[in-house]
Structures are given as structure tokens and as C-alpha cells.
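These notes concern the structure reproduced below.
The values are calculated or read from the model by the stated rules, or taken from the named source; none is laboratory data. Model, not experiment: these values are computed from the prediction. Don't worry about glycine lacking a Cβ; one is built from the backbone with ideal geometry, like all the others, and counts go over all protein chains shown.
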Amino acid sequence: MLNQHVQPRREQGIVLIMALIVLVALTLGALALTRSVYTSNVIAGNLAFQQAATHSADAGIEAAVAWLENNNGKTNSTENESCNSSVGSSVLACNHTTQGYVANRQDPTGTQTWATFWQDNIESNGLARTLPTNNPGNVDNAGNTVSYVIQRMCVSAGDAQSTANDCTIAPSASSSTCAGGSSCDAERVNLDSVSQVYYRITVRVVGPRNTQSYVQSMVAL
């Protein structure tokens, strides 16, 4: 019986090649996972800054409402400012730009956003008031700068009760008349209330990472 010697097959290195391919795939997966986690952290951080900016806007709303309440129905403001007699008799009949108050309505036009409107019409004309703080740059403890403007919802300056002025007011009707009462116009129960003028408060908050937030509130006085 012949004893044949069988030579071992030469290794082709296929295991090494497969190991390298798996190693590259694992490396790419790790890099993708790291980038995904980093992106998620950035998004979460931006959302946190945006939420903090929105919360800081409450301070602007409260400051604007307080100024309106302190000056509503008065002939001299708390800052010893008054209207020219040719404009109106009350404080709220004319502009008080140092306090962020405008006696007439202003709105964005066409495709203009509130961001561009604020920059082109409010900021450029010095109509907004920035809330003072004890921190440098008037930033609050969250690093936000809060500014607001109050716009009376009237066509022009002057007394809101004047027939020459057109203001947005709360429904009011009495004595079986339909003057200013939408429910009266609908032939329903007549409204009997004190007529109130509407004011729009717009607050802009600028914070870290170029965060900007705009909040609006309507107030009737």
C-alpha cells in the first residue's frame, strides 16, 4: 500500500481580510453613533435655550402690563411725561418711545416677518425698551436680553374715544343700541360692559447661540 504524502494547502489570508472588513465596519458604526449623539445633544441644547428665552419673555410682558396699568387714564405718566394738547389729553394718546410705547398700530407688510419688521421698524427707530438688569449688557440670569414694545391698536395717535380715531375696542352696547356690540348686531342678548381699548405687547428675547424668541400678548384696558 502506497503511503502518499499530502501537502497542506497554502493559506490565502481570507480570515485576515474578513477581520479587517469587520473592523472597518465597526469603526464606521462607532463614528456614526458618536456623531448622532453629538447632534442630538446640540439639538437638545438649542431647544433648552429656546425654551429659556420664551420663559424670559414673561418678564417683558409683566413689565409692559405694569406700565400700562400705571398710566391708564392719567394725564401725566409715572415718568412725568404728558401728551401735547394737540395730540390728546391722556398719557396713552401719544408715543412714549423711552418706555417702549407706540400710540398707533404697526404691522409687518407683505412677506415681511416679525424679525425683519422688528429690525427695520422698531429697533431702527428706537421704539423698543430693554429691561434693565444688574448684569452687564442687561442680560438676565439665563443670559437673555429682553426687549418689548407696546402698540395701541388704533389707526393713529390721539384719544381713543375720539370719533376721529379708529381703535380696536372690546364689544360694548347698552340701551338697546348696537354701537360696538357684535352680539347686538346678531340680534342676541345685548352686551352691557365698559368699553376697553386693546394693546398689543410684542417681546423679543435674544439669548446664547443667537437664540431669538418673539412672544405677543393682547391686553384690554
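Overview of values
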read-out	value
Scope the range 140-161; condition among the aliphatic types (A, V, I, L, M) and either farther than 13 Å from Y198 by Cβ or over 15 Å from the mean Cα position of the chain (by Cα) (or both); matching residues	A142, V146, V149, M153, V155, A157, A160
Selection within the range 124-159 - free of Cβ contacts under 8 Å to residues at least 24 places away in the same chain and not in a loop (DSSP other than H, G, I, E, B)	T130, P136, G137, N138
Conditions (1) within 18 Å of the chain's Cα centre (by Cα); (2) not in a helix (DSSP H, G or I); number of the one not met by F117	(2)
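Rundown of residues vs (1) under 19 Å from Q212 (Cβ atoms); (2) at pLDDT 85 or above, yes/no style:
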| position | (1), (2) |
| --- | --- |
| G29 | no, no |
| A32 | no, no |
| L47 | yes, no |
| A52 | yes, no |
| L68 | no, yes |
| N72 | no, yes |
| E81 | no, no |
| S85 | no, no |
